[in-house]
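Read through the structure below, which is laid out as structure tokens, and then see the notes.
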Amino acid sequence: MALGFYFSPSGFTPENYDEAVRRLEEAGAGAPEGRSNHFALETNGEIQVFDVWESQEAFEAFGATLVPIMAELGADPGQPMVARVHNVIDG
């Protein structure tokens, strides 16, 4: 069962987001196993993220790499809104 995770982190500017992506790629986690979709949305100068993951376990494994990177950048991911994906329509 796929799960959608919506984050609205504090202090996560577009520049911090780009740096986090760079560091994730350096760590070999730029395209993590178990994540099927990633969206970065900008609102009022901060990035919000919506991801679709195959499982909670896959998401948590990625978080072990992501959370320390965000902390180093001064961003707090907070708690995501998590919901079961009912349907996906491409296009």
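How would you rank 8-20, 74-86, highest first, on the average number of other Cβ atoms within 10 Å across their residues?
Highest-to-lowest ranking by the protection proxy: 8-20, 74-86.
Rounded to whole Å, give me the distance from the Cα center of segment 10-30 to that of segment 47-67.
Measuring centre to centre over Cα atoms gives 13 Å.
Computing the accessible area with a 1.4 Å probe over protein heavy atoms, can you report the carbon and sulfur percentage for the chain?
Roughly 51 percent, rounded to a whole number.
Each label point is 7 Å from the Cα along the Cα-to-Cβ direction; what then is the distance between the points at residue 84 and residue 21, in nm?
Placing both labels 7 Å along Cα→Cβ, they lie 3.2 nm apart.
Using label points projected 7 Å from each Cα along Cα→Cβ, tell me how many nm separate residue 57 and residue 33, to one decimal.
For the pair residue 57/residue 33, the computed spacing is 1.1 nm.
Ignoring ligands, DNA and RNA, what accessible area per residue does the chain give at 1.4 Å, in Å²?
For the chain, the solvent-accessible area averages 62 Å² per residue.
With the contact rule set at Cα under 8 Å and sequence spacing of 6 or more, what percent relative contact order holds for the chain?
Relative contact order of the chain: 47 percent.
Would you calculate a helix-derived [θ] at 222 nm for the chain, using -39,500 (n - 2.57) for each DSSP H run of n ≥ 4 and dividing by the full residue count, to the nearest 500?
-11000 deg cm²/dmol
Specify the angular offset, from 0 to 90 degrees and rounded to the nearest 10, of the alpha carbon long axis of helix 14-26 from the longest principal axis of the alpha carbons in the chain.
For 14-26 against the chain, the angle is about 70 degrees.
The values are calculated or read from the model by the stated rules, or taken from the named source; none is laboratory data. None of these values were measured; they are calculated from a predicted model. All Cβ positions, glycine included, derive from the backbone under ideal geometry; neighbour counts span all protein chains shown. Surface accessibility is based on the protein's heavy atoms, side chains included, excluding ligands, DNA and RNA. Shrake-Rupley method; radii C 1.70, N 1.55, O 1.52, S 1.80 Å.
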